[in-house]
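Below you'll find the structure, written out as structure tokens, and then a few comments.
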């Protein structure tokens with residue numbers, strides 16, 4: 001069953017989102033704790049129970065993943081600038097922390113080391129795209145990743161402007177693959193059964209970082225439905241409007257990875273925008289099959 005968190009924990013979600021938005025700023029634990037209506041001691045304890053990490057360690061890992069993301073997708077930005085933008089006081093401190101996290105230097109990562117790291121991360125359970133396939137039909141999730149025919153995904157990608165969406169969501173930590181799929185499907189069934197969401201309504205999955213660089217224990221995935229009100233025990237966030245590269249699908253489960261490799265890495269006009277999340281929209285068609293789109297946030301080079 002989905003845990004119904006009290007509203008104080010939903011405020012903790014908001015604090016975590018604030019931490020992501022200010023990933024390059026000093027971490028003021030007392031201010032963050034006050035925002036969630038906790039003392040510093042209880043804030044860190046509850047934060048650890050929810051995520052598996054202390055607030056300091058959680059933010060450090062997020063800073064490093066943001067840096068890894070920028071090193072891959074912003075090749076013209078100097079390493080020292082990325083270190084500063086991600087909150088490290090010196091290039092030496094960044095170099096040490098980066099090597100501890102990714103087992104290679106930032107230079108080696110930028111020169112292609114990220115690919116080997118990503119392959120090791122996503123090789124455990126196909127890859128880290130997000131699905132809500134029925135629990136009795138998990139073949140698409142458990143199947144190993146197979147690169148698409150060159151150009152086949154790129155031919156289907158279209159860049160378009162998406163509106164902002166107010167989202168009521170459940171946040172999942174440390175789950176991936178089949179476990180995450182089943183959790184999201186359970187959440188859908190519960191909300192449809194209690195009348196909170198109509199059958200056939202759209203659902204949104206949200207991942208704020210580069211999924212290929214995030215270890216399983218560190219996954220933070222939001223899944224929910226469009227609503228300005230609703231259950232205050234759920235988190236409330238706004239998916240930002242903007243330009244996204246979209247891949248529409250029906251009766252299939254495409255991968256974000258295929259969008260990266262068959263489209264993003266092969267064209268010269270667009271690059272990933274690290275300030276906005278990856279988004280998946282899914283809904284049941286009248287025949288009961290899933291359809292929707294994957295959306296990568298992009299900006300012009």
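A few notes on this one:
- As a length-normalised measure over Cα pairs under 8 Å and 6 or more apart, the relative contact order of the range 7-121 settles at 22 percent.
- Between residue 21 and residue 99, residue separation times 0.36 nm minus the direct Cα-Cα distance comes to 25.7 nm.
- The chain, relative contact order [Cα under 8 Å, separation at least 6], %: 21
- Estimated [θ] at 222 nm from DSSP helical runs (n ≥ 4, -39500 (n - 2.57)) normalised by residues in the chain, nearest 500: -11000 deg cm²/dmol
- Within a Gaussian network of the chain (alpha carbon springs, distance under 10 Å), most fluctuating of 48, 66, 11: 48
- Annotation: extensible slack from residue 49 through residue 35 equals 3.3 nm (criterion: 0.36 nm per residue apart, minus Cα-Cα distance).
- Net lengthening on full extension, residue 241/residue 217 (0.36 nm per residue, minus Cα-Cα): 5.7 nm
- Each label point was placed 7 Å from the Cα along the Cα-to-Cβ direction; for residue 134 and residue 189 their separation is 1.1 nm.
- Kirkwood Rh in Å, taken over the range 7-121 so that all alpha-carbon pairs contribute: 15.1
- A compact globular protein would have a Cα radius of gyration near 2.2 N^0.38 Å; the ratio found for the range 139-300 is 1.03.
- Alpha carbon centroid spacing (whole Å) that separates the range 152-193 from the range 200-225: 7
Read-outs throughout are calculated quantities, based only on the coordinates presented, and are distinct from any laboratory measurement. All values derive from a computational prediction rather than experimental measurement. Neighbour counts run over all protein chains shown; Cβ positions are idealised from the backbone, glycine included.
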